[in-house]
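Structure, as C-alpha cells:
The values are calculated or read from the model by the stated rules, or taken from the named source; none is laboratory data. Keep in mind the model is a prediction, meaning the values are calculated, not measured. With ideal geometry, Cβ positions are generated from the backbone for all residues, glycine too; neighbour counts draw on all protein chains shown.
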Ligand SMILES: O=P(O)(O)OC[C@H]1O[C@H](OP(=O)(O)OP(=O)(O)O)[C@H](O)[C@@H]1O
Ligand SMILES: O=c1cc[nH]c(=O)[nH]1
Ligand SMILES: [Mg+2]
C-alpha cells in the first residue's frame, strides 16, 4: 500500500449501508481478540462468539412469515423466517465467523468459497468454490473477519451475484477505511456489517491496529 492514498475513518463513517456495532459486549470481546497474547483456542472461540453477536445485528431486517402454533394453553399466531438463508464463509478465516452465525440461525445453507490473497500483489485468487447449482435464498451473508484492501470481498460478492443472488450482506470483524470504501463503491446495493472500523492499512496491506492474520490466528499456522 506504499504511496497509495487512503481515506480516514471519518470519510467512511457516513457511507449509507455500513453498520458498525456499538454493543459493549462486542467491544469487550474485540479487545480480547486483538490482544497478541490470546492463544489460538481462545481466538477461535472468540471469532465464533463475535459471529453470533454480529449475526443478531445483521439479521435484524430479515423477512418473516406468519406461522400458527399451539402453546400448552392455546393456539397463537407466531412467525418463522421467510425463505432460505445462505452463509458464504470466505476460506479460511471466514470459517469461525460462519460457525457463530450458524449457532444463531441453525437452518442455513453454507456455501464455501476459497479466496486467498497473494501477499505480494494483494490480489485475491479463487481456489475453491462449492456453491450449489440450485439457488433459492432470501439472502446470502458473505462472511470474512478482515476487510483490508477489499479485493477478496468484492470478488466474493461478484461471484454471489453471478449465481443470481439478489440480496447480499457482507459481514466482517475489522474493516480498514480503504477496503470499506472500495467495497461500497463496487457494490452500493449491499449492506456491510462490521464489528470495528480501524485506522489504515500498513505497507504490507495489513489492517492497523487490527489483529494480525485472522486465518493464522484461528488455525495456529504461524
Ligand atoms: O481485503 P483483502 O486485501 O482482500 O484482504 C482480506 C483477505 O485476506 C485474508 O485472507 P487470506 O488471504 O489471508 O486467507 P486465509 O483466510 O486462508 O488466511 C482475509 O481473511 C480476507 O479474505
Ligand atoms: O490485517 C489483515 C489483512 C488481511 N488479512 C488478515 O488476516 N489480516
Ligand atoms: Mg490469512
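A single entry from 130, 117, 45 fulfils the requirement of being more than 16 Å from ligand 2 (Cβ to nearest atom), closer than 24 Å to residue 197 by Cα and over 12 Å from the mean Cα position of the chain (by Cα): 45.
Inside the range 131-185, residues that are more than 16 Å from residue 15 (Cβ to Cβ), touching a residue at least 40 places away in the same chain (Cβ under 8 Å) and assigned to a helix (DSSP H, G or I) make up a count of 5. Picking from residues in the range 96-129 that are near ligand 1 (Cβ under 10 Å from one of its atoms) and out of contact with any helix residue (DSSP H, G or I) (no Cβ under 7 Å at 6 or more places or on another chain), the one that is modelled with the lowest pLDDT is 119. When the residues of the range 191-222 are filtered to those that are closer than 22 Å to residue 142 by Cα and part of a loop (DSSP other than H, G, I, E, B), the one that is nearest to ligand 3 (Cβ to nearest atom) is 213.
Screening residue 205 with (1) free of Cβ contacts under 8 Å to residues at least 60 places away in the same chain; (2) within 16 Å of ligand 2 (Cβ to nearest atom); (3) crowded, with 18+ Cβ neighbours inside 10 Å; (4) more than 17 Å from the chain's Cα centre (by Cα) gives one miss only, at (1).
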